[in-house]
Structure formats: C-alpha cells, structure tokens
1. I need the full set of residues from region 79-110 which are in a strand (DSSP E or B) and free of Cβ contacts under 8 Å to residues at least 40 places away in the same chain, in order please.
2. Given the conditions (1) touching a helix residue (DSSP H, G or I) at 6+ places or on another chain (Cβ under 7 Å); (2) farther than 15 Å from residue 257 by Cβ; (3) in contact (Cβ under 8 Å) with a residue 12 or more places away in the chain, which single one is not true for residue 197?
3. Any chance region 274-284 includes a residue that's modelled with pLDDT of 95 or more, closer than 15 Å to residue 176 by Cα and either part of a strand (DSSP E or B) or of a type in the set (Lys, Arg) (or both)?
4. Report yes if residue 76 is touching a Pro at 6+ places or on another chain (Cβ under 8 Å) and either assigned to a loop (DSSP other than H, G, I, E, B) or aromatic (Phe, Trp, Tyr) (or both), otherwise no.
5. Does region 286-331 hold any residues that are closer than 18 Å to residue 261 by Cα and either outside the structural domain of residue 178 (by TED's automatic domain parsing) or free of Cβ contacts under 8 Å to residues at least 24 places away in the same chain (or both), and which are they?
6. In region 15-55, what count of residues is obtained for those that are part of a loop (DSSP other than H, G, I, E, B) and closer than 18 Å to residue 134 by Cβ?
7. Being at pLDDT 95 or above and within 28 Å of the chain's Cα centre (by Cα): is that true of residue 298 here?
8. Give me a count of the residues in region 305-340 that are under 16 Å from residue 167 (Cβ atoms), touching a Ser or Thr at 6+ places or on another chain (Cβ under 9 Å) and outside any strand (DSSP E or B).
Amino acid sequence: MQRKHVSIQKAYLLSCVNARFEDLHDAAEVVRARGGRVAEGVEFYLAPASAEVQAKSQSNGDWKTLLDAGAIPLPPGCGACIGLGRGLVQKGETAISATNRNFKGRMGDRDALVYLGSPAVVAASALAGFICAPKDFAERAAGTAIRRGEKKPQSTGSVEIISGFPPSVHGRVLFVDKDNLNTDGIYGSKHTYRDDMTPEEMAAVTFENYDPNFNTLYQKGDVVVGGLNFGSGSSREQAATALKFKGIPCVIAGSFSETYKRNAFNNGFVVFECPELVTYLRDTLTDRAPTTVGPEITIDYAKSILSVDGKSFPFPPLSPAAQELIVAGGAEKLVASRLRKM
C-alpha cells in the first residue's frame, strides 16, 4: 500500500474502538519518533473514546504531543465515525481512519474513499500526507486461504399459516445485486440518529447510499432480492423498518446477517433466504445495474415455494412463531398484547 503513495486529505483517530488510551499513546509515539507536523493539506482529527481517556492521555503528555503536531481535537463521542459533526469526508477526498467501519457514505460523502488502519498507521500517514506504515518492513508476498463451510440442507415443506399472515405474495423482483450490503447502504447513518423522521420520510431514503437510482425504479409492492450476507454492519433497526414503511412485502437474499434477520422479525418484517433464486437471477439477468428490475415473483408461504419465470425454488418454512411476530407488528407489540391478556 505504501508503494502506491495514496494521498490523503483527512486522517481520523477517534471513536469507541481505536481511540483508547493505548491507541492515543501509540499515535503519540509515532509523532515523537518521526517528528514534524501534520502534512500540508491534511486534516488530522482526534477524539478520545471517553473523557476519562482524554484526561489520562493529557496526564502523560500524549494529548499535547498530538495537538502540537497539528491534530484537531474533537469531543469524545461517535462524531465523524457515524457521519455527524465536524470533519466529515467530502466528495472526492481520500481518508485514513482508525475506526472499524468504512462503509460507503458512513463518514460523509458516498463518493469519498476511506481506508482503515491502526492508530499508528493513521498518525504516520497524517504526518506523511499519504498512507504509510510507521516503520519500514521487509517485502513479503501476501498469502491467501479460502475455507468454505459445508452447505446445510434446507428444510422444506408445508407449514400452517396463522390468521392474519398472508398465505402468498405476488409482485415484481427488484434485484439488489450486492453481497455484504451493509446497513449504511440500506439506511444511511446521517438519518439513523434523527428522531424526527416520519415513516414516510424514512421510506424515501432507503438504499440511497447504495444506489440513488433505487427509489426511481421502485414500485410499491416490489419484492427486494439481495445477495449474500445482506444487512451486515451496524445493528440499526431502521435498515429493516424503513423497508417495511416503504411497503416492501419482504426481502429475499442468499443469506442474511443474523443481527439484521433478528431486527427484521422483531419489527414485524419478513426476510428469508433462497440462495438458489439469487444464483438464477445472476445467471439470467443480463446487463445488471446496482438495482435491476426483474421478473414477476409469486411466494407461497404455505408450501414454502416461490416461483419465477415458471421455475420453482424452495425456501425454509416460516414457523408459526415467526408469523406471529409479523401479524402482531413486531416483538414489542406481541409482548404488549400478551400482557394485556393476563
């Protein structure tokens, strides 16, 4: 990476993850060893994980070392890591960050690049003006290894449909052709902490960090089909509720983040896995865009079978317990209704 000499405009040493006392000390040690100041044209933002961390860092001189080198102090908190406050990355900029996530649009503009690095790498890069290591290392070829888990057979078969749950759904496929689509792509961080957004406003901004054209293509009742590990990343429930508010009857994917799946059912929103459907769409839909309008789809929940282009694909049956969460409108409403009956 260092050989590529990737220039940066911003550097971030902040957040709850890598702005602990030890992290600030590692960064300060890099500054002491290298000397000098933050490179011209680079903004180096510094925020401790907590007020206690800042006090401890001030007591041993690390905080002063970083500020004297040109770091810009920010208050403890999430800040730029979740796209709030001062110092957000702008369109066309490149940054290095010691945070643990660099999803598109999370720390600012979706057309910026954010690389992740250790606190020491962030400090060294801020001083150099490009992404680099804090010390020289001998050249070594990278090695890779791939291990795939055994594919578990899906359980299929008929299931009883409880009162209030739709026995079937018919609509149009809207194929979101992306593996590891994270919750920032589904529902942007700049909206997550706004408590004043109505369900209609939440629905209007779905997938804007992933594909701004999604909402132009979408028609009420479309069934969203995603790739593998749909809903990875932050555990924000709005990434599920916003799709529910939009009128999407369900999301089908090759696989889901378990956190996303639990958030969906806990908020009364149907999601289920059908990797064979994803493979079929990738094989048959040509000239795919980030979001592609697909064929009509019919989902038979009673038989646990969905049909596309005259072909049938099985999916895991939705248990009565899962159906009950959907009918009630989510776990909170289900518990409340049970308490009222006691």
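The values are calculated or read from the model by the stated rules, or taken from the named source; none is laboratory data. All values derive from a computational prediction rather than experimental measurement. A quick note on method: Cβ atoms are made from the backbone with ideal geometry, for glycine too, and the neighbour counts reach across all protein chains shown.
1. 108
2. Exception for residue 197: condition (3).
3. Looking through region 274-284, at least one residue is modelled with pLDDT of 95 or more, closer than 15 Å to residue 176 by Cα and either part of a strand (DSSP E or B) or of a type in the set (Lys, Arg) (or both).
4. yes
5. 321 - this is the single residue of region 286-331 that is closer than 18 Å to residue 261 by Cα and either outside the structural domain of residue 178 (by TED's automatic domain parsing) or free of Cβ contacts under 8 Å to residues at least 24 places away in the same chain (or both).
6. 9
7. Answer is no for this residue.
8. Within region 305-340, residues that are under 16 Å from residue 167 (Cβ atoms), touching a Ser or Thr at 6+ places or on another chain (Cβ under 9 Å) and outside any strand (DSSP E or B) number 4.
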